1. Just the accessible area per residue of the chain, please: how many Å² with a 1.4 Å probe?
2. Using the Kirkwood radius over C-alpha pairs as Rh, can you work out the diffusion coefficient of the chain via Stokes-Einstein at 20 °C, viscosity 1.002 mPa s, in µm² per second?
3. Listed here are the pairs Lys34/Lys91; Lys49/Lys93; Lys19/Lys48; Lys21/Lys49; Lys25/Lys91; Lys3/Lys94; which of them are more than 18 Å apart at the Cα?
4. Grab every C-alpha pair in region 39-99, bin the distances at 5 angstrom width from 0 up to the longest one, and report whole percents.
5. Kindly state, to the nearest 0.05, the FRET efficiency for Thr88 paired with Ala65, given R0 = 22 Å and r defined as their beta-carbon distance.
6. Between Ala53 and Lys21, what is the FRET efficiency for a Förster distance of 30 Å, r being their Cβ-Cβ separation, to the nearest 0.05?
7. Which cross-chain or sequence-distant (5 or more) residues have an amide H under 5 Å from the amide H of Lys21, H modelled 1.01 Å from N in plane?
8. Placing unit charges on C-beta atoms (Lys and Arg positive, Asp and Glu negative, everything else neutral), compute the dipole magnitude of the chain about its Cα centre in debye, rounded to 20.
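The values are calculated or read from the model by the stated rules, or taken from the named source; none is laboratory data. From a predicted model like this one, the values you see are computed outputs, not experimental measurements. Here the Cβ positions follow ideal geometry from the backbone for every residue, glycine too, while neighbour counts run over all protein chains shown. What goes into the accessible areas is simple: the full protein's heavy atoms, side chains included, and nothing from ligands, DNA or RNA. Shrake-Rupley method; radii C 1.70, N 1.55, O 1.52, S 1.80 Å.
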Amino acid sequence: MQKYVSLNQNKDFKRLYYKGKSVQKAVLVVYAMKNRAGVCRVGITTGKKIGNAVERNRSRRIIRAAFQNVFNSGCVRGNWDLVFVARTRTKFKKSTQLEPIMLAMLKELKVAESEE
């Protein structure tokens, strides 16, 4: 089974923001870029516009759970750096509602392949 690692260096986030490809939806923004690390690396950001700390942490948990399910389904292949940015509507969704949206966004960026 494939693994993924957390992105935690500010320079990696900035590199994705400026050079990566992005897709925006009402509930989520995704930045993606190929890497040479040999594993998929994922970062999640939530700004203060989302709400207080409880709401920001909930948004992160929802995004993490949705990505875990998408990743375990085997659709995400290759070495990618991904940054998910929560939006104000994210905290009102459940991870099961976010999964198809996230999968569609990853397919649009050509990070995910369709299941067959």
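1. Values: 7000 Å² over 116 residues.
Ligands and nucleic acids excluded, the figure is 60 Å² per residue.
2. Numbers: Rh = 14.1 Å.
D = 152 µm²/s.
3. Lys34/Lys91; Lys19/Lys48; Lys21/Lys49; Lys3/Lys94
4. Per 5 Å bin, starting at 0, the Cα pair percentages come out as 4, 19, 28, 23, 15, 8, 3, 0.
5. 0.70
6. Details: r = 31 Å, r/R0 = 1.02.
For Ala53 and Lys21, the calculated efficiency is 0.45.
7. Amide H neighbours of Lys21, under 5 Å, 5+ apart: Ala32.
8. Roughly 580 debye, rounded to the nearest 20.
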